[in-house]
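First the structure, in the form of structure tokens, and then the observations on it.
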Amino acid sequence: MSLKEKVLNELEANRGESFSGAQLAKTLGVSRTAIWKAIEDLRKDGVEISAVTNKGYTLKSEDNSLSAEGIRAILGETEYDIHVEKTVTSTNTVLKELAKDGESAGYVLIAQQQTAGKGRLGRRFYSPDKTGLYLSVILKPKLTIENALFITTSAAVAVSRAIETVSNNEVKAEIKWVNDVFVNNKKVCGILTEASVDFESGGLEYAVLGIGVNILAPESDFPDELKNVATSVFGNSRQENIRNRLAAEILRELSRLPENFMDKEVLNEYRSRSMLIGKNVFAVSGDKKDPCVVLDIDDRARLIVRFEDGSEKALSTGEVSIRMN
Ligand code: BTN
């Protein structure tokens, strides 16, 4: 661990409390100048540390930077190996490469921002700096490819629970089949699970679960094409240490899910959080948009819809858009 990381560890363990340079230097066995330099480097990274004569350095309680040290300070003992980077192309893309090279389950990569964030169906995921959370984790569940959908559906439940917990239940999270979490009828989170399959057994070699959450309003707002469909969980309201808190809570909820992600209770919660059941929607496939009504989500997490000619279908891929009539 670098000195910068060690200093942040100390400050994160006691957010809001002051440490003198001499105290930190003694604890970490380095000079005061080395501590001063580490503090300057942390500030350059955007960590809000105040320095008061005769009191020392304080990590401001309202600081909203994102760091592995900050997440660990909240989580305590964890099975996750957490890494935070400033900028990556896509945390999913990076982790797929690592998983291919044999990296273990539980490796978590979080980015402050992504330059090529990916969404489902070949779309981009808007991933600006400072206001979002872009988190991927390597999983190696004993699952066949047909059941891989349960990773996404269970993760949607985990994220919904985490959002509600960090908001002290002031925010209500709903799920739009199959991979989106909504707040106030707009999308705040997208989930992308990418898997590699062993063709002989039909089982998963590994999966990379990627979660992107708009936590606060982006500094330069959402791009025009997203303004009507996307929002952030907390908008411009002041939230202390919210990126670390939400990342920790999501990891905590993910670790509580059953190992193979197939669980009746989690699926029931997914259903009860569904904003689509009973709604008139369009089943979208390529350029085709078929009007239908959503009847239910079945035990395989498929969306059961009835078309206008009375025929019914279980959808396991593609997406639906909500009709206003
Ligand atoms: C969607 O909305 O269709 C899914 C969006 C998934 C975004 C997350 S952000 C972390 C991970 N890295 C990516 O490039 N995508 C996922």
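The values are calculated or read from the model by the stated rules, or taken from the named source; none is laboratory data. Bear in mind that the values here come from a model prediction, so they are computed numbers and not experimental data. Positions of Cβ are generated from backbone atoms using ideal geometry, with glycine treated the same way; all protein chains shown enter the neighbour counts. In case anyone asks, the SASA skips ligands and DNA or RNA and just uses the protein heavy atoms, side chains included. Shrake-Rupley method; radii C 1.70, N 1.55, O 1.52, S 1.80 Å.
A few comments on the model shown:
- Folded to 0 to 90 degrees: helix 242-256 orientation relative to the chain principal axis, Cα: 60
- Overall Cα dimensions of the chain - principal axes, largest extent first, Å: 77, 46, 33
- Portion, in percent, of the accessible area of the chain that falls on carbon or sulfur, probe 1.4 Å: 45
- Here the relative contact order of the stretch 45-163, from alpha carbon pairs under 8 Å that lie six or more residues apart, stands at 19 percent.
- Put a plus charge on the Cβ of each Lys and Arg, a minus charge on the Cβ of each Asp and Glu, and nothing anywhere else: the dipole of the chain about its Cα centre is then about 660 debye.
- Theoretical gain in end-to-end length, Glu77 to Phe307 [0.36 nm per residue, Cα-Cα removed]: 77.8 nm
- Using alpha-carbon coordinates, inclination of helix 264-273 to the longest axis of the chain, degrees: 90
- Gap separating the Cα centres of the stretch 223-269 and the stretch 87-143, nearest whole Å: 15
- Cross-link pairs beyond the 32 Å C-alpha cut-off, checked among Lys142/Lys288; Lys140/Lys227; Lys44/Lys186; Lys172/Lys313; Lys130/Lys279: Lys142/Lys288; Lys140/Lys227; Lys44/Lys186; Lys130/Lys279
- Average accessible surface for the stretch 68-272: 45 Å² per residue, computed with a 1.4 Å probe over protein heavy atoms with every protein chain in place.
- Measuring nothing but how far apart in sequence close Cα pairs (under 8 Å, 6+ apart) lie, relative to its length, the chain scores a relative contact order of 14 percent.
- Degrees separating the helix 149-166 axis from the principal Cα axis of the chain, which is the longest one: 50
- Rounded to 5, the percent of DSSP beta bridges in the chain classed as antiparallel: 85
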